[in-house]
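Comments concern the structure below.
The values are calculated or read from the model by the stated rules, or taken from the named source; none is laboratory data. All values reported here derive from a predicted model rather than from experimental measurement. Note: ideal-geometry Cβ built from the backbone for every residue, glycine included; neighbour counts use all protein chains shown.
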Amino acid sequence: MEDITNRFKGYNDEQISIALQSEFSISNTSNTFSRDDSKSLTSSTISCPESPYTIVSDYRNDYFKDDDALSLYEKVKNGNTEAMFKLAVCFWKGKHVKKSQKHAIIWFRKAAMAGHPEAQFNLALCYYDGKKGLEKNEKRALYWFSKAAKNRNVNAQYLLGVIYDVKKNEELAMKWYQKAAEQGHVSAQFYLGLCFHTCSKKNIKKAIYWYKKAAEQNDARAQYLLGTCYNDGNGVPVNKEEAFKYYSLAAENGNTDAQFNLGLSYARGCGISSNPALAVKWYKEASKKGHISACVNLGICYEHGCGVDRDMNEAIKWYRKAADAGNSIAQFNLALCYENGNNVEKDYKQAFYWYEKAAKQNELEAQFNLASCYAFGKGTEVNYEKSIEWYRAAASNGCYRSQFNLGIYYLKGISVIKDYSHAVFWFRKSACQGFAIAQFYLALCYLKGKGVEADKNKALEWFKKANEQKYKSAKIYIEQLEAAKNKQWFKYLKYSLKSKYNQKYKNEIIIQQQ
């Protein structure tokens, strides 16, 4: 068979070449969802590794069954645009002719100029990538994408949506997503739903409509987001069973967020009967792909023997993996293991290290424990100023134990000026959250008039609250106050009766005198 490559001598390989096949070989499924999936343009994929495109590499041999190079070339001479495009494909794949990307580009351009939609789309990709010789030219890429899109090339319509989405042009992005979505493009359906879900033209009902369209085509991201909508009652009535159904579909399709949420559903018995073992199974699936919260939950399951045999070595392994990735809960739990010597040698310095990591991420209990490390010199030198700093941080975030400890610092003047009113302020904060010892100290302040006007009735009220929580010292004060109260009442009663008797006797004398 004739190799017609020789007929095109003189073209500059460095000027005309393209990266299409490897950079734009697309898979039909996506395992994870992120709004940022469409936000970074890298190579000609334009951050859309989920979309099935009609690319040169997708043409099967039977596409050429009625053609050979010579017959195609004859048709090309007669102006047949389909033959031009087929010839471009031949050069790209090396079918009938010697493989040549530069000649493929030539015939893509000729077919595109003659109005062939797929040629226009492929030429647009060439200009957009500009990676192997063909100069990158975004304006020309947009021009040819637009030409192809107006000729109903669904992939061009979708990619225009992505490009305008990246450029923050909601109107044009949604316009082209919708055109592609109406032709059944699954990723366009998903992203159109996402636009209606999150953009300024928010319409959750339309979002759900397009999510369902994409979900019907097995889009894992759409299935996952439908699950969250049913779980949270976002645009639809709360339906935990439907949420579980969509989480299951998405999880089976490899969506890591769905796998984690499915694990949570089994752990909590949400939409399905509780099954800790299946919870562990799905946490493991999600953790394989680096889902950090799944790693944390696996650690918790192994630590407490929930759905799996208790194994502190495994628990620490998963905590450490999540802690190294910056998860504050894992950092706190790992610190506890080191502080308590839980299947590891006690190491207060390591405990302090991980408490500090977690505390800086506003993990409440870590802030309290870090403050305590500074207060008692655990893993670090005693530093009351640092202790106060972290107690205050935790107290401001609502930690009742930190609020109480701050109250003690002000009551006793530890590294701060003694201030009873500040002590009362923090005791009250903690006491109102039900902390028994804070209730007891607040009662003492009322009893002794420290930082607040003395009030035995209020003191008795707070002592009783502490006593209800079995704080033993409160009972003694209650008995003393009630005894004193009863003694005063007895004196008042005796005086009152005596006064009434004297008045009656006096009246009787007056009557007698009359």
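Brief remarks on what is shown
- Odd one out for R401, checked against (1) free of Cβ contacts under 8 Å to residues at least 24 places away in the same chain; (2) crowded, with 20+ Cβ neighbours inside 10 Å: (1)
- Being in a loop (DSSP other than H, G, I, E, B) and crowded, with 20+ Cβ neighbours inside 10 Å holds for only one residue in G326, G263, G271, and it is G271.
- Residues in the range 283-311 that are closer than 19 Å to A325 by Cα and not in a helix (DSSP H, G or I): 3 in all.
- Residue match in the range 309-319 (condition: closer than 20 Å to T256 by Cβ, of a type in the set (A, V, I, L, M, F, W, C) and either in contact with a Pro (Cβ under 8 Å, 6 or more places away or on another chain) or at pLDDT 95 or above (or both)): yes
- Within the range 444-458, the set of residues being among the small types (G, A, S) and more than 46 Å from the chain's Cα centre (by Cα) comprises G449, A454.
Okay, residues lined up against (1) of a type outside the set (D, E, K, R); (2) under 27 Å from Q259 (Cα atoms); (3) at pLDDT below 95; (4) in a loop (DSSP other than H, G, I, E, B):
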{"site": "Q157", "(1), (2), (3), (4)": "yes, no, no, no"}
{"site": "K168", "(1), (2), (3), (4)": "no, no, yes, yes"}
{"site": "Q178", "(1), (2), (3), (4)": "yes, no, no, no"}
{"site": "L192", "(1), (2), (3), (4)": "yes, yes, no, no"}
{"site": "K201", "(1), (2), (3), (4)": "no, no, yes, yes"}
{"site": "K213", "(1), (2), (3), (4)": "no, yes, no, no"}
{"site": "A222", "(1), (2), (3), (4)": "yes, yes, no, no"}
{"site": "Y230", "(1), (2), (3), (4)": "yes, yes, no, no"}
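- Within the range 453-488, the set of residues being among the aliphatic types (A, V, I, L, M) and exposed (fewer than 13 other Cβ atoms within 10 Å of the Cβ) comprises A454, I476, A483, A484.
- Flag if E314 is in contact (Cβ under 8 Å) with a residue 12 or more places away in the chain, surrounded by fewer than 19 Cβ atoms within 10 Å (Cβ to Cβ), of a type outside the set (F, W, Y) and in a helix (DSSP H, G or I): yes
- Filter pass, G227 being over 17 Å from G161 (Cβ atoms) and crowded, with 16+ Cβ neighbours inside 10 Å: yes
- The set of residues in the range 156-177 that are more than 17 Å from D129 (Cα to Cα), buried (at least 20 other Cβ atoms within 10 Å of the Cβ) and without any contact (Cβ under 8 Å) to a residue 24 or more places away in the chain comprises A173, Y177.
- Residue in the range 276-300 that is surrounded by the most Cβ atoms within 10 Å (Cβ to Cβ), counting only those that are more than 14 Å from E314 (Cβ to Cβ), free of Cβ contacts under 8 Å to residues at least 60 places away in the same chain and not aliphatic (A, V, I, L, M): W282
- The conditions of being part of a helix (DSSP H, G or I) and over 30 Å from S328 (Cβ atoms) are met by N457.
- Remark: Q350 falls outside the filter, which requires a residue to be part of a helix (DSSP H, G or I), in contact with a helix residue (DSSP H, G or I) (Cβ under 7 Å, 6 or more places away or on another chain), closer than 30 Å to E285 by Cβ and modelled with pLDDT of 95 or more.
- Scanning the range 108-155 for residues that are part of a helix (DSSP H, G or I), in contact (Cβ under 8 Å) with a residue 24 or more places away in the chain and closer than 16 Å to E82 by Cα gives K110, A111, A112, P117, E118, A119, Q120, F121, N122, A148.
- The range 324-369 - residue that is more than 20 Å from S402 (Cα to Cα) and hydrophobic (A, V, I, L, M, F, W, C) and, of those, farthest from the chain's Cα centre (by Cα): V344
- Verdict on E389 being among the acidic types (D, E), surrounded by fewer than 21 Cβ atoms within 10 Å (Cβ to Cβ), touching a helix residue (DSSP H, G or I) at 6+ places or on another chain (Cβ under 9 Å) and closer than 21 Å to Q367 by Cα: yes
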